[in-house]
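First up is the structure itself, then whatever we jot down about it.
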Amino acid sequence: MFRRKAVLLGIAAIFACMVFGLRMQAQCHDSDDWSVSFNSSSNTLSGTVKNCGPDLFCRTTRITPVADSSSSAFDNKDPNYPNELSLDNVYQVIYGVKVYDVSNADNSTSTRDCLFNYGNADVHTGAGNLLQGLVTWTSNDDLFSCTQYGEVPDNDQGILECSSSQKIHGLTINGVTVPIGSHRGRVSFPVSGTIKDTDCASGAETFNGSLTLQDSTVHGSKTDNITVSLTGMHLTGQATCATSDFISLFTTQYDLRVGGHYDQAQLDWKNPGEKMKIRTLQFVSELDQ
């Protein structure tokens, strides 16, 4: 009798576990069941190019995000099978200048809204260059992720941790190899040199600017909707087309972003007084040969 009762109790326990497991799986498909939901996106390159003449008339071209991949809170994508977008080669000529040329663009995103909430947005490229070789690299791998702090939803639901690990091989600036090593986010290098420009009477213009690695911004802190943006390589500066006696004919301002990552997180439960905030941002770039 005792043995039969024990068997029945065992079967009941197994059944209860199965029901609980199925219920948890079902909850994973409904983002409203958990406290924080993510939307993620990644792209190979984006930016703006602004050209201004001596009469102060300006024209601006926006570079639409290249190979843009995105995942929403309702996707619940397995990180082993993310949303992925790949292109063999991408380049663009703007105002007489080849602004960028990148090979093997490969971007992927995934989100999870079940117990371990996160948003992943990764960027991989082969060889590439900006402004006809002022900045070049042989490969770039940039992994980015934001997660809800803690293993399960707790009393303080809206705390996030974000991190990125970037590895750039063969980075050069105006033909000079950038020394290898690891750098924290927002390290910056000066960039200068000449650019061939068919629209410039002399055939070339002079550029001065800077390259920033792992450049990040946070919007929406202390609200119920927060966005962390990260740019793997951010080139900004101005090129000047001048006559032989240094009279400026026009200028071109460049804002070029290689490896764009965006993670947006919002509270599913609008508890009174609860707001989103960032606990840690850990961004590291490793330069290798």
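The values are calculated or read from the model by the stated rules, or taken from the named source; none is laboratory data. In this text, all values refer to a predicted model and were calculated from it rather than measured experimentally. Ideal geometry is used to build each Cβ from the backbone, glycine not excepted, and the neighbour counts take in all protein chains shown. Just the protein is used for accessible areas: all its heavy atoms, side chains included, with ligands, DNA and RNA removed. Shrake-Rupley method; radii C 1.70, N 1.55, O 1.52, S 1.80 Å.
In table form, for the structure just shown:
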read-out: E84, E286, E274, E161, reordered so the largest accessible area comes first (probe 1.4 Å); value: E84, E286, E161, E274
read-out: Amide proton proximity set for N117, modelled H, under 5 Å, gap of 5+; value: Q148
read-out: Cα gyration tensor category, rounded, prolate or oblate, for region 50-91 with a/c compared to 1.5; value: oblate
read-out: Spin-label pair D68/T177, simplified geometry with 7 Å Cα→Cβ offset, distance in nm; value: 3.8
read-out: Under the Karplus curve 6.51 cos²θ - 1.76 cosθ + 1.60, θ = phi - 60°, whole-Hz ³J(HN,Hα) for region 183-189, x wherever Gly or Pro sits; value: 9, 6, x, 6, 5, 10, 10
read-out: Whole-number accessible area per residue in Å² for region 152-256, which is evaluated in the context of all protein chains at 1.4 Å; value: 48
read-out: Check: region 124-252 dipole with +1 on Lys, Arg Cβ and -1 on Asp, Glu Cβ, in debye; value: 360
read-out: Under the Karplus curve 6.51 cos²θ - 1.76 cosθ + 1.60, θ = phi - 60°, whole-Hz ³J(HN,Hα) for region 87-104, x wherever Gly or Pro sits; value: 9, 5, 8, 9, 8, 8, 9, 10, 6, x, 10, 6, 6, 8, 8, 10, 9, 6
read-out: Share of Cα-Cα pairs in region 143-244 lying beyond 17 Å, as whole percent; value: 66
read-out: Cα lying deepest toward the dipole's positive end in region 87-238, options W137, G185, S110, charges on Cβ; value: W137
read-out: Stretch gain in nm, segment D245-S192, where the contour uses 0.36 nm per residue and the Cα spacing is subtracted; value: 17.1 nm
read-out: Distance between modelled label sites at V284 and Q253, nm, 7 Å Cα→Cβ extension; value: 3.6
read-out: log10 of Debye I(q)/I(0), alpha-carbon scatterers only, for region 227-289 at 0.14, 0.19 Å⁻¹; value: -0.71, -0.90
read-out: In order through region 44-53: 3J(HN,Hα) via Karplus (6.51 cos²θ - 1.76 cosθ + 1.60), integer Hz, x for Gly, Pro; value: 6, 7, 8, x, 9, 10, 10, 10, 10, x
read-out: Amide H contacts under 5 Å for G170, placed H, 5+ residues apart; value: T138, D288, Q289
read-out: D268 long-range amide H proximity, modeled H, under 5 Å; value: V36, S37
